[in-house]
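Any read-out appearing in this document is the output of simple, stated calculations on the displayed coordinates, not a laboratory observation. Only a predicted model underlies this, so the values are computations on that prediction, with no experimental measurement involved. Counting neighbours? That spans all protein chains shown, and the Cβs are built from the backbone with ideal geometry, glycine included.
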Amino acid sequence: MAEDKASAYPVHLDRNHLPEPEWKFPNAKIEMYATKSKPDFPPNKHAPKGSPNVLLVLLDDVGFGWMSVTGGLVRSPTAERLFKRGLLYNQFHTTALCSPTRAAMLTGRNHHSVATGVIQEMATGYPGYCGIIPKGCATFAELLKQSGYTCAWFGKNHNVPDNQTSPAGPFNNWPTNQGFDYFYGFIAGETDQFYPSLIRNTTPVEPPKTPEEGYQLTRDLADECVGWIRQQKAIAPDRPFMAYFAPGAAHAPHQPPLDWRGKNAGRFDLGWDNYRETFTQTSSRAALFPREAS
């Protein structure tokens, strides 16, 4: 498949062969004198022309029937606007568990194939369950990075083995060693939304302000993500980015800021059976849910 010459790799750095092989200096020439020698620097990575920026948002404990974009009663105007401009997929599989779902999404493989059959805190010393993603199973960030992207992860990481989560490391299973250039979030299944255990790359950091000054984790993560994107586009506007945003807000502990509390009060008072019927009818009309399902 032909590519723009400015963005094409040499043959031995073809994107079809990942991980990329060691640079062999194919055109270098070493002579007795420097003036007669010829260098051959490794080329900079360039994404294919027209490569899109990617924003991936992952929410814990949010069912398919919650948000208005899929027929639920929780208002989601931003998601609805995005849906109108793009695509909405209605066939999916999750494990209903934090670590396995994330491991499968990060690698594109079955969660047992990447040793994450259970959450990290319950890992066991058996195949498929030890919680250590094999090095032979690359994350999407590793593949994108080798194709000229810059990648960042904001929010929850529940994929570091439980005995490797301390600030002393080892860090080989942390985001910055799995293809991500930058990480800002927490290493655990959950954290306090007002007093979080924050990590920047591999270093513990304090929140930028106190709850009394208006701090709340989800807003902090969003601000950090927006700031990172702006920085990337200011410094390297032609380089595409991939931002993975995984707030812990819908997962326990449920600690929304005061101005968000009560916004959906009464919406679920109709009870489970009536809610299910309402969702089924709404999503069926939108062709998002099969009519025969219940």
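As a calculated quantity, the FRET efficiency between Leu258 and Arg109 at R0 = 30 Å, using C-beta atoms, amounts to about 0.10. Computed over the chain, the per-residue total of -39500 (n - 2.57) for DSSP H runs of n ≥ 4 gives a 222 nm mean residue ellipticity of -6000 deg cm²/dmol, rounded to 500. Compactness of the stretch 53-189, taken as the C-alpha radius of gyration over 2.2 N^0.38 Å, stands at 1.13. Between Phe268 and Thr78, the FRET efficiency from the beta-carbon distance, with R0 = 30 Å, is close to 0.90. Rounded to 0.05, the FRET efficiency of the Asp223 and Ser37 pair, given R0 = 45 Å and the Cβ-Cβ distance, is 0.35. Of the trypsin sites (Lys or Arg not before Pro) found in the stretch 207-275, the ones in coil according to DSSP and having at most 11 other Cβ atoms within 10 Å of their Cβ are Lys209, Arg261, Lys263. In plain terms, the residue of Leu56, Leu97, Leu217 with the fewest other Cβ atoms within 10 Å comes first and the most crowded comes last, giving Leu56, Leu97, Leu217. DSSP finds beta bridges in the chain, and of those with both partners inside it, around 25 percent are antiparallel.
The chymotrypsin sites (Phe, Trp or Tyr not before Pro) of the stretch 70-123 that meet both conditions, a loop assignment by DSSP and at most 13 other Cβ atoms within 10 Å of the site Cβ, are Tyr89, Phe92.
The HN-Hα couplings worked out from phi for the stretch 190-197 by the Karplus form 6.51 cos²θ - 1.76 cosθ + 1.60 (θ = phi - 60°) are 7, 7, 5, 6, 10, 10, x, 8 Hz, whole numbers, x standing for Gly and Pro.
Along the stretch 73-87 the Karplus relation, 6.51 cos²θ - 1.76 cosθ + 1.60 evaluated at θ = phi - 60°, assigns HN-Hα couplings of 9, 7, 5, 9, x, 5, 4, 5, 5, 5, 4, 5, 9, x, 10 Hz to successive residues, with x for each Gly and Pro. Coupling constants for the stretch 131-143 follow from the phi torsions by the Karplus curve (6.51 cos²θ - 1.76 cosθ + 1.60, θ = phi - 60°), and in residue order they are x, 10, 5, x, 5, x, 10, 5, 7, 4, 5, 4, 5 Hz; glycine and proline get x.
Restricting to DSSP loop positions (anything but H, G, I, E, B) with no more than 13 other Cβ atoms inside 10 Å of their own Cβ, which chymotrypsin sites (Phe, Trp or Tyr not before Pro) remain in the stretch 115-222? Here no loop site has a sparse enough neighbourhood. With a cut-off of 14 Å between beta carbons, the residues surrounding Lys38 carry a summed charge of 0, where Lys and Arg count +1 and Asp and Glu -1. Taking amide H as placed 1.01 Å from N in the peptide plane, the amide H of Val57 sits under 5 Å from that of Phe245, each at least 5 places away or on another chain.
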